[in-house]
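Data first, discussion second: the structure below is written as structure tokens.
The values are calculated or read from the model by the stated rules, or taken from the named source; none is laboratory data. Computed from a predicted structure; not experimentally measured. We place every Cβ from the backbone using ideal geometry, glycine too, and count neighbours over all the protein chains shown.
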């Protein structure tokens, strides 16, 4: 695998910050810094490197299915695993202190942060980013402009992070109840399936850049590749959003049960 230099530097910085915060918290409260957290964070970093490096990044230039795999990794898998790793006290130990102080001292920064992490706003940003970058004219433009392509990928990570904050709730804001978080996942599923279904049912190539003759992935035609991209997005949402929904349903049942051990740290993946 040929790894992008920029991706390597960004991943290295994130790993150093995580290792530093993980070590500090583990020395104080080991139950909030288990090795499972490190595995989740490693999975998030690995997903970034896979998405932005060869061979996937090179295949994405000629295959819509490969490009779609990049997108779902960046907008769902990377932020979901990263936030699960950082939930609870670990988040405050990993985020650099100068950033925490800067936000604390800036009323404008706090206002913006509160605004974009509201459930409806976060969902709106996520849905807009997903829909906007898949408009045919804009999608084709990203393939012709490296700067625009980088902006697209960055916006997927940011929008995905804002959306998955509502589901994982790493800072324990409790902006949504467990039922509300399930509703949020359902809304994400509906929007994603609208895009995926469009690609699957289309009888002609939606994106001109992928309709041109050339070597297609696994010998597929441009239309077959497009259908594969739609099915891939369907499958990814069923798996990722479905697993998250299953854990939230389990948590809802646990909350309703009278047999829970009060005061003990929970091992549930959506709690600290």
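Screening residue 123 with (1) assigned to a helix (DSSP H, G or I); (2) free of Cβ contacts under 8 Å to residues at least 12 places away in the same chain gives one miss only, at (2).
This table checks each residue for (1) surrounded by 18 or more Cβ atoms within 10 Å (Cβ to Cβ); (2) more than 26 Å from residue 241 (Cα to Cα); (3) modelled with pLDDT under 95.
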{"site": "74", "(1), (2), (3)": "yes, no, no"}
{"site": "80", "(1), (2), (3)": "yes, no, no"}
{"site": "85", "(1), (2), (3)": "yes, no, no"}
{"site": "104", "(1), (2), (3)": "no, yes, yes"}
{"site": "111", "(1), (2), (3)": "no, yes, no"}
{"site": "118", "(1), (2), (3)": "no, no, no"}
{"site": "132", "(1), (2), (3)": "no, no, no"}
{"site": "152", "(1), (2), (3)": "yes, no, no"}
{"site": "159", "(1), (2), (3)": "yes, no, no"}
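Every residue, every condition in (1) buried (at least 20 other Cβ atoms within 10 Å of the Cβ); (2) under 18 Å from residue 158 (Cα atoms); (3) without any contact (Cβ under 8 Å) to a residue 12 or more places away in the chain, yes or no:
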position	(1), (2), (3)
14	no, yes, no
22	yes, no, no
27	no, no, yes
31	no, no, no
34	no, no, yes
37	yes, no, no
43	no, yes, no
48	yes, yes, no
51	yes, yes, no
